[in-house]
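Single-structure report; data block below.
Read-outs: derived from the displayed coordinates by stated rules, not from any lab. All values derive from a computational prediction rather than experimental measurement. Every residue, glycine as well, gets a Cβ built from its backbone with ideal geometry; the counts of neighbours run over all protein chains shown.
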Amino acid sequence: MFPNRNAAQQHSFAKQQRGSALVIAVFIIVVMSIIGIAMVRILNDSSRATVSDVYGARAYAAARSGAEAFLTELFPLNGSTNSALCEPRAAALPINTVFTGTYNQPGLVNCSATVYCDRLELSSPFSGTHFRIITEGTCSAGTMNYSKQIILEASDGIF
């Protein structure tokens with residue numbers, strides 16, 4: 001191999017290099033294990049975020065559906081405003097539950113909506129009634145609950 005070395009020198013050189021391959025192999029195994037564990041965690045976090053996004057969208061859809069169902073009762077198509085559904089305004093936010101709905105439709109299974117409402121009679125120069133509506137949509141997925149709120153303001157008068 002090396003013309004200036006004799007067989008004894010070549011043999012001692014090989015003895016000195018004997019453990020370095022093992023150290024390099026262990027190092028590569030450790031580094032690859034750390035990378036693998038990091039990738040598993042990233043994929044797990046990504047799947048949890050996707051589930052959270054999907055159930056958050058479902059909770060928003062449940063809240064919106066509850067608000068729309070309540071608005072059809074508050075403002076019937078061929079009738080006058082049903083102001084009796086909402087209590088007079090007394091607190092900073094509505095606290096009285098006026099509508100609760102659970103859904104069995106595909107996409108909203110295990111979801112529900114709760115609607116809170118209050119009203120305020122407007123004074124001059126305005127006329128009519130101002131309604132403040134808060135709808136909370138909630139969806140369950142195993143032990144996790146996801147919720148979204150929608151706040152609406154409506155009036156049957158002129159501002």
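Ser155 versus Glu121, label points 7 Å from Cα toward the beta carbon: distance in nm?
It works out to 1.7 nm between the two label points.
Would you mind checking the radius of gyration and Dmax of the range 118-158 based on alpha-carbon positions, in Å?
In Å, with Rg to one decimal and Dmax whole: 16.1, 52.
Filter the trypsin sites (Lys or Arg not before Pro) in the range 37-121 down to the DSSP loop ones having no more than 11 other Cβ atoms within 10 Å, then list what survives.
none
Over the chain, what lengths in whole Å, largest first, do the semi-axes of the equivalent ellipsoid take, defined as the square roots of 5 times the eigenvalues of the alpha-carbon gyration tensor? Walk me through the numbers before you get to the answer.
Working: eigenvalues 1063, 50, 25 Å².
Semi-axis lengths for the chain are 73, 16, 11 Å.
In whole Hz, with x marking every Gly and Pro, tabulate ³J(HN,Hα) for the range 79-94 from phi via Karplus 6.51 cos²θ - 1.76 cosθ + 1.60, θ = phi - 60°.
x, 8, 4, 8, 5, 5, 5, 10, 6, x, 5, 9, 10, 5, 10, x
Report the label-to-label distance for Ala92 and Ser33 in nanometres (one decimal), using points 7 Å from each Cα along the Cα→Cβ vector.
5.4 nm
Given 0.36 nm per residue, what is the gain on full extension from Asp45 to Thr100 after removing their alpha carbon distance, in nm? Walk me through the numbers on the way to the answer.
Values: separation 55, 0.36 × 55 = 19.80 nm, distance 3.35 nm.
So the chain would gain 16.5 nm between Asp45 and Thr100.
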